[in-house]
1. Would you mind telling me the antiparallel percentage of the DSSP bridges in region 33-169, rounded to 5?
2. Obtain the nm distance between the two label points defined at Met281 and Glu84 by a simple spin-label model: each point lies 7 Å from its Cα along the Cα-to-C-beta direction.
3. Cα gyration tensor of region 195-234, axes a ≥ b ≥ c as square roots of the eigenvalues: rounded (a/c below 1.5), prolate (a/b > b/c) or oblate?
4. Helix 66-76: angle to the longest alpha-carbon principal axis of the chain, degrees 0 to 90, nearest 10?
5. Roughly what angle does helix 175-191 make with the longest principal axis of the chain, taking Cα atoms, 0 to 90 degrees, to the nearest 10?
6. Which residues' amide hydrogens lie under 5 Å from the amide hydrogen of Ala43, considering only partners 5 or more residues apart or on another chain, with H built in the peptide plane?
7. Using just the helices of the chain, give the 222 nm mean residue ellipticity in deg cm²/dmol: DSSP H runs with n ≥ 4 each add -39,500 (n - 2.57), and the total is spread over all residues, rounded to 500.
8. Any chance you could tell me what percent of the C-alpha pair distances in the chain go past 23 Å?
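Any read-out appearing in this document is the output of simple, stated calculations on the displayed coordinates, not a laboratory observation. Model, not experiment: these values are computed from the prediction. Cβ coordinates were reconstructed from backbone atoms using ideal geometry, including for glycine residues, and neighbour counts include every protein chain displayed.
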Amino acid sequence: MPAKRGRYEQDLIRRFVSAYENFAWSDSKINWPDEEIDSAIDALITRADGQTMAIEHTLIEPFVGDKDDYAMFQKVFLRIEDDESLAVPDTGITVYVPVGILNGQKSARRNTIVKSIHLWIENNRLHLREGEHSYQCDVPGMPSFTLTVKRTKFGLSRPNPGSVSVRRQQVANDLDKVIEKALRRKLPKLVNTEADLHLLFLERDQFTFHSDLIFAEIERQRPNFPELERVDEIWHVETVCYAQYGYLDFELRKLDQLMATIAFQGDVLIGHSKDGMPYPM
């Protein structure tokens with residue numbers, strides 16, 4: 001079925017088009033083919049002079065299955081943070097749980113894992129070493145697993161009730177599989193769309209990995225994807241601080257060179273450049 005494109009993704013593309021090539025495409029018409037045709041591209045932009053640009057967007061996850069893993073994590077683990085009795089005065093405690101620990105587990109087993117971690121924090125919160133260290137957590141009927149726990153003593157002048165946070169920790173690096181999956185899914189429909197320009201957007205919404213790793217991995221896999229030669233530009237779309245602060249950064253990369261940038265805060269263009277030279281604002 002055709003996709004129901006969310007406003008979020010359309011907003012990213014609209015902002016980009018409004019400032020692309022120093023406003024050369026700002027009055028263009030934007031169509032959303034994937035809302036009408038199954039497996040079509042995200043956006044087809046037509047300029048007043050008839051020139052066209054195809055854009056395909058994809059989110060680069062830190063690892064395969066990140067979004068599903070986070071949804072499950074958020075549903076069950078973040079409830080631990082609601083237990084105010086776990087906090088140690090004037091101390092910040094962050095417990096990192098291995099990603100994928102709930103994968104394939106039935107509801108009863110997932111609850112057992114969460115309760116075991118909750119109990120571990122309750123029993124050990126007063127005896128943690130300063131800094132970041134590894135600890136074993138036992139789960140009834142399952143092999144034990146490693147928690148990475150960071151304890152920080154606050155040096156505040158006023159008393160602080162303390163805090164306990166539960167976060168995920170990536171224990172495997174499979175960015176190569178993430179990139180391969182993205183290229184296999186996105187390249188064919190992008191390059192097979194009739195347009196004068198073909199642009200690929202690679203979005204990063206977490207600080208888990210550096211954007212340079214994405215482009216290095218694409219170059220490593222380039223021999224396996226001849227369609228890349230038909231992609232005119234690959235843009236890194238940085239949205240790590242978009243939801244909270246409205247910051248949105250577009251970066252055009254070619255190997256290790258930064259060729260162009262476009263930056264927004266909310267709807268306001270706060271900077272754009274090409275070949276290292278900023279455009280007048």
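1. Details: 18 of 25 bridges.
The answer is about 70 percent antiparallel.
2. 4.3 nm
3. On the way: a/c = 3.62, a/b = 1.47, b/c = 2.47.
Here region 195-234 falls in the oblate category.
4. The answer is roughly 40 degrees.
5. With both axes taken from Cα atoms, the answer is about 30 degrees.
6. Ile55
7. On the way: 6 runs with 78 residues, N = 281.
Counting only the DSSP helices, I get -9000 deg cm²/dmol.
8. Details: 24733 of 39340 pairs.
Pairs farther apart than 23 Å: 63 percent.
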